[in-house]
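The values are calculated or read from the model by the stated rules, or taken from the named source; none is laboratory data. Everything numeric in this text was worked out from a predicted model, so none of it was measured. Here the Cβ is made from the backbone with ideal geometry for all residues, glycine too, and neighbour counts use every protein chain on show. When the accessible area is computed, the model is the full protein with side chains, heavy atoms only, and any ligands, DNA or RNA have been set aside. Shrake-Rupley method; radii C 1.70, N 1.55, O 1.52, S 1.80 Å.
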Amino acid sequence: MVARAYAEESLPNDGPSALALALFDLAALDPALRGLLPHVCAFAAGAGGEGAAARAARDAALAAPLPGLTAAQQRVVASAAAFHIARPRPEREPAYAALGKRDRQAALQLGTIAGLAGELRRAGVAVAADAGGRGLALLVAGAQAPQAVASAAPYARRWQQQIGPLELRLAPADLELALPAAAPALAPSPVPALPFGEQPLAEAARASLRRHFEKLLARAQDVRRGDDPEDVHQMRVATRRLRASLQVVAPVFDAALVRDTRRRLRDLAAALGHVRDRDVLLEHLRADRAALATPQQDALQPLIAVVERELALARAALLAYLESKRYRRLVRDFARFLTAPGASVALQAEHGGPLRTRDMAGSLIWRRYEALRSYEPLLPAAPEATLHQMRIAGKRLRYTLEFFTDERGPDTQPCLAPLADLQELLGGLQDAAVARAAIAQLGMAGEPGPAGYLARREAERAALLVRLPATWAGVGAAAYRKRLLALIAAI
């Protein structure tokens, strides 16, 4: 059997990329990709296993320009590093979205090879190749060989889909293979991870934006596949966070690029908003109807039917937008911006070096708080439009706090919880205003069923206004400002 020819020269398995390079050569892929594989293996090894490891590997690969690589090559490396896990999600990966068809295939192939090599390496097994039969087979030997074959099965299936035939088999008992040396500690990322406050603001911003963009892409897939209102809601939230975050860091990047991106995201948010507003109204209408006596239920049904038709039309328009060239160009262009470290940076520190995150965090957070606090003298009797603007100001503060802390900074809950309470109350007031405007636009406000519904919503709105001063106190008090200053000092 051909495998015996490898018995004296089994596949190397003595480093993060040695086995991966041997597998690459067996796969007979484009030789131009071979030089990218050690980068992929290093970032994948530094990130570890499943879950957040994909994002960690990707972000490490995009923390700074990689010497000797083009922007497209670095995106291939970043995508492949994210795909080293057993079950990657290419459709929600920003670096992958920035690639053309050929580079996407390369990223999938390199990620599969790096993942398979890493899985076998961690198991401490010996590997030989059998090129006989109808394709490539890898023979695995060692005490952990059965477990290694089972855990590497997802990678074998990916290999079959993306590269060609592959079989993982236990090595015959009479085939002697030298076991590798003990696996070394995971290789560190080629780009040392800095504390969040020390990171260059432009690249920390890109990393934060990538996280929200990743959520947007994931929800877009869900919106296409089903009609769960929560998917539209979360996609709209991701879009708003992206627009707000871009506004926060607008001085750091090219002004025209930021302005154009925010405009295009606003168009997406509008399409999502048309659906979301009707989802919220319809959910409230159905709950209200369920609590009524039968005659009143019947009086409300015509309004529910009209809103259902409006929702169907809005959803059809949203799905058409998500399949449009305009949306695909938005995804591609924004993904390229988010995966080009060092590009489009317009603002530096006075000494000429990059601005760190902590160099601007304090002033930007405090400015958002001051903008929100300026509404205090108008409470609680402010007009609806003013309360809506106050709600927007609160969202901007919340998104700015999350932007500058996110998963990597200090605990934000003491500052976010009172703000969330205020946002929920102001959101209830705005939902009532949207419902009143929507029913008036439909010309049904004077009909008995809708009129009764609006009266009940007005009572709910009055109760919320009574609670507004106490809820505002959680954000407007000196104790809140002390917590906010403590959070700023910790960045």
*Among the residues of segment 84-113, write down those that are at pLDDT below 95 and open to solvent by less than 50 Å² (accessible area, probe 1.4 Å).*
84, 85, 86, 88
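Results for (1) in contact with a Pro (Cβ under 6 Å, 6 or more places away or on another chain); (2) without any contact (Cβ under 8 Å) to a residue 60 or more places away in the chain; (3) open to solvent by less than 20 Å² (accessible area, probe 1.4 Å), shown as yes or no for each residue.
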| position | (1), (2), (3) |
| --- | --- |
| 24 | no, no, yes |
| 28 | no, yes, no |
| 40 | no, no, yes |
| 58 | no, no, yes |
| 62 | yes, no, yes |
| 66 | no, no, yes |
| 73 | no, yes, no |
| 76 | no, yes, yes |
| 81 | no, yes, yes |
*Could you please find all residues in segment 347-380 being open to solvent by 70 Å² or more (accessible area, probe 1.4 Å), closer than 30 Å to residue 333 by Cβ and either free of Cβ contacts under 8 Å to residues at least 12 places away in the same chain or in contact with a strand residue (DSSP E or B) (Cβ under 6 Å, 6 or more places away or on another chain) (or both)?*
348, 354, 367
_residue 40 in a helix (DSSP H, G or I), of a type in the set (Val, Ile, Thr), at pLDDT 90 or above and over 26 Å from residue 130 (Cα atoms)_ = no
*residue 383 passes all but one of (1) under 30 Å from residue 221 (Cβ atoms); (2) loosely packed, with under 13 Cβ neighbours inside 10 Å; which number fails?*
(1)
*Return the only residue of 25, 59 being modelled with pLDDT under 95 and under 23 Å from residue 138 (Cα atoms).*
25
_Count - residues of segment 114-135 that are buried (at least 19 other Cβ atoms within 10 Å of the Cβ) and in contact with a Gly (Cβ under 7 Å, 6 or more places away or on another chain)_ = 2
*asked:* Whether any residue in segment 426-436 is over 30 Å from residue 307 (Cα atoms) and assigned to a helix (DSSP H, G or I) is what I want to check.
replied: no
*Which of the following residues is aromatic (Phe, Trp, Tyr), outside the structural domain of residue 303 (by the TED database), assigned to a helix (DSSP H, G or I) and open to solvent by 20 Å² or more (accessible area, probe 1.4 Å): 399, 453?*
399
